[in-house]
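Here's the structure, in structure tokens; my notes come after.
Readers should treat all values here as calculations from the given coordinates under stated rules, not as data from a laboratory. The structure presented is a predicted model; accordingly, all values stated were derived computationally and were not measured. A quick note on method: Cβ atoms are made from the backbone with ideal geometry, for glycine too, and the neighbour counts reach across all protein chains shown.
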Amino acid sequence: MHRPLFACLALALSLVAPVTLPTPAHAVTIDITIGTSLNRGRAVTCRGGERILRNRGFRDIRRVDCRGRFLIYRAWRGGNRFEIAVSAHNGRVVDVRRIRR
């Protein structure tokens, strides 16, 4: 009585065992960098700052001051006028202020 039961159990385990084999591991490349990748670590030009703002939805961009640590622009977005400061070091938008008309 027990012998056929063990035979069926052994047969079932032998059929299931190949299905439960672990999958092989794959190497994954992860790029971990410190800082920003907006401009690949290079300084931003005045024209490059305009392009960054245009990509963020600003229109009619005017240069106010492109000297120093921050590039200052005035631009329109959504019917409002803004003064925007972009970091000359890495291209991040560091300040956005709405200007009254």
Exception for residue 48 within (1) assigned to a loop (DSSP other than H, G, I, E, B); (2) surrounded by 15 or more Cβ atoms within 10 Å (Cβ to Cβ) falls at (1)
Among residues of the stretch 52-95 being more than 22 Å from residue 42 (Cα to Cα) and of a type in the set (Phe, Trp, Tyr), the residue surrounded by the fewest Cβ atoms within 10 Å (Cβ to Cβ) is 76
Determine if the stretch 59-72 includes at least one residue that is aliphatic (A, V, I, L, M), more than 18 Å from residue 99 (Cα to Cα) and either free of Cβ contacts under 8 Å to residues at least 60 places away in the same chain or outside any helix (DSSP H, G or I) (or both). no
